Amino acid sequence: MALPKPCIECGCVTSNSYCDECRNKRDRTRHHQKGRRPSQGWLETRTRVLTRDGYQCRVEGCNRTHHLHIHRLDGGYHDGNVDAYITLCPEHHRQVEKHSARPSGTRSESKPDASFLVF
């Protein structure tokens, strides 16, 4: 039996290099991105947003700090505008995505609606 050690991604205790949640997330990301790495510009924007938001979900009363998503509130594409993004935990990110109507599944047909969340 392997000794407990911290997950490489989030630091939680696991018996492997990655916890199950991080391993699944990495697998989904690899499948979705087909081997492409995020651009340096996106990584810088993401870091600036996380720093601004204190590395925690911005929804009032939520203090989650693991597996955070950077969500663009106006539905546009990456342009480096930090004010257009917000940090959300997986649960609140799912709520925003579920609440957003996307009739034929394309990003450009509707904007994500996060108005029901309190920031």
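Quick notes
- Modelled spin-label separation between Asp74 and Asn16, with each label point placed 7 Å from Cα along the Cα-to-Cβ direction: 4.1 nm.
- Put a dot 7 Å past the Cα of Asn63, heading toward its Cβ, do the same for Gln95, and the two dots end up 1.8 nm apart.
- Residues Leu43 and Lys5, FRET efficiency given R0 of 22 Å [Cβ-Cβ distance, rounded to 0.05]: 0.25
Values quoted throughout were computed directly from the atomic coordinates according to the rules given, and no laboratory measurement underlies them. If you're wondering where the values come from, they're calculated on a predicted model, not measured in any experiment. Here Cβ is always computed from backbone atoms with ideal geometry, including for glycine, and neighbour counts include all displayed protein chains.
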